[in-house]
Amino acid sequence: MMKILRLLIISALAFSLSSCIDWDYFGLSPKAEITAFEVEGQSGTSQIDSANRVILVPVNEVINLDSLKTTNINISSLATVDPMVGEIANFSDTVIYVVTAEDGTKVNWKVKAFRQTAEVQIENSNFDSWYETEITWLFNKYTYSTPTPQSDELTSRIWDTANRGAVASFVDGGNTTPQDRDGGKYAQLESISVPIYNIAAGSLFAGYFTDDLPPDAANPRSNTKFGITFGGRPSSVNVDYRYNPGTDYYENRNPSTGNDQCDIYIILQKRVDGQRYRLGTAWHRSGDTVSDWTTLTLEMHYGELPAGSPAFMGLNQNPGEEEVDFADPNDVPTHILIVFSSSALGDTFTGAVGSKLDIDNLVLNY
């Protein structure tokens, strides 16, 4: 899947100084926040109003609200929540979740589910909104851009990049950047030269990049959490793109000869009880030069892939994937994975320095 190179291991070291505890003073914490909330059948990102202690949860219009199970509740460190994650509640009316802080403070949160049209789009899928982040690494300041506002709660992000990995290799600005187009912005992904590994692919994906040290050095994507909550069933996907493959080619870190390819794919998953099932697949991998802006249309294939599909589109072709089988093609998804990469084989240190993939105006067709 995602082409984030092993340089992310370096990135993890760069940022692992941040603590997993969200308070930095002595004594018992009074914090009783909910920073992420998800239920089965959710069709988009929950809207969390921390000031008024209200959470609005969009769910697919075909979902029965009477008995929904929570699948994720993130709360303040050392706090507890009741009902707990995994419990079933009746969301046809407001449900009260009580968060108890470490010091015993109790805070009531009102959680309301609302039906959202199945023809849902992904926020900022025209990539017009970007946000600057400044960090200090080895006593130097670096900046990079992200298409989702930075926040303490990673799971609230919709889009992310591997820019922090590039910055950890002393590449100021990263290798996924906003560029101007027709009064708006687009994303430019570039494969760049980095120390030790020689090639690092530019990337943009739906999900978030963590600061954790990868547990498996052979799997750089262990830093990356792919997918966001989603409940639509698009028939196809449109995206504007350009691609110019580079010529400074590396294979498995070594100088070589070959042709680079870009990767563009959208995967629909149904996640149930910790298991992931592939529901829909739309994929484009090509090394063709596309100099002018072109609208690419990808058909969404539901259920098992058509006969003759390339092997790379199948289940678990890359380390770190956890899909156990194909879902019933008539199911409703719970998550969507969207990935763009300037070098399709970046995980194996393979690709061409200078390859550029430009992306704009992602649209889900129903």
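Listing for the model above:
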{"read-out": "Descending Cα extents along the principal axes, region 49-143, whole Å", "value": "53, 44, 23"}
{"read-out": "For the chain, accessible area per residue (1.4 Å probe, heavy atoms of protein chains only), Å²", "value": "44"}
{"read-out": "Local net charge near residue 132, Cβ-Cβ under 14 Å (Lys/Arg +1, Asp/Glu -1)", "value": "+1"}
{"read-out": "Over region 273-366, relative contact order from alpha-carbon pairs under 8 Å, at least 6 apart, %", "value": "30"}
{"read-out": "Region 311-356: radius of gyration over Cα atoms, expressed as a fraction of 2.2 N^0.38 Å", "value": "1.50"}
{"read-out": "Dimensionless Rg/Rh of region 268-366 - Kirkwood Rh, Rg from C-alpha atoms", "value": "0.98"}
{"read-out": "Value of [θ]222 nm, deg cm²/dmol, for the chain, DSSP H segments ≥ 4, -39500 (n - 2.57) each, nearest 500", "value": "-1000 deg cm²/dmol"}
{"read-out": "Euclidean distance between Cα centres, region 123-142 to region 225-252, Å", "value": "20"}
{"read-out": "Centre separation in Å (Cα based) which lies between region 174-207 and region 309-352", "value": "20"}
{"read-out": "Rel. contact order, % - alpha carbon contacts under 8 angstrom, at least six apart, region 163-202", "value": "30"}
{"read-out": "Cut-off 12 Å between beta-carbons: net charge of the residues surrounding residue 98, Lys and Arg +1, Asp and Glu -1", "value": "+2"}
{"read-out": "Region 47-94 versus region 279-303: alpha-carbon centroid distance in Å", "value": "35"}
{"read-out": "22 Å Cα-Cα reach of residue 110 towards lysines, excluding residues that sit fewer than 8 places from it in its own chain", "value": "31, 69"}
{"read-out": "Proximal lysines relative to residue 185, as straight alpha-carbon distance under 28 Å, when same-chain residues fewer than 8 apart are discounted", "value": "3, 141, 225, 356"}
{"read-out": "Point-to-point label distance, residue 324-residue 259, nm (Cα→Cβ direction, 7 Å offset)", "value": "4.0"}
{"read-out": "Compactness index (Cα Rg / 2.2 N^0.38 Å), the chain", "value": "1.01"}
{"read-out": "Counted charge near residue 174, where neighbours are those whose Cβ lies closer than 13 Å (Asp, Glu -1; Lys, Arg +1)", "value": "-4"}
{"read-out": "Sequence ranges 72-81, 300-309, 192-201, ranked by mean other-Cβ count within 10 angstrom, highest first", "value": "192-201, 72-81, 300-309"}
{"read-out": "Tensor-based shape of region 238-282 (alpha-carbon gyration tensor, a/c under 1.5 rounded, otherwise prolate or oblate)", "value": "oblate"}
{"read-out": "Potential lengthening between residue 94 and residue 56 on full extension [0.36 nm per residue; Cα-Cα distance subtracted]", "value": "12.7 nm"}
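The values are calculated or read from the model by the stated rules, or taken from the named source; none is laboratory data. Note that this is a predicted model, so its numbers are computed, not measured. As a convention, Cβ positions derive from the backbone with ideal geometry for all residues, glycine included, and neighbour counts pool all protein chains shown. These area figures cover heavy atoms from the full protein model, side chains too; ligands, DNA and RNA do not enter into them. Shrake-Rupley method; radii C 1.70, N 1.55, O 1.52, S 1.80 Å.
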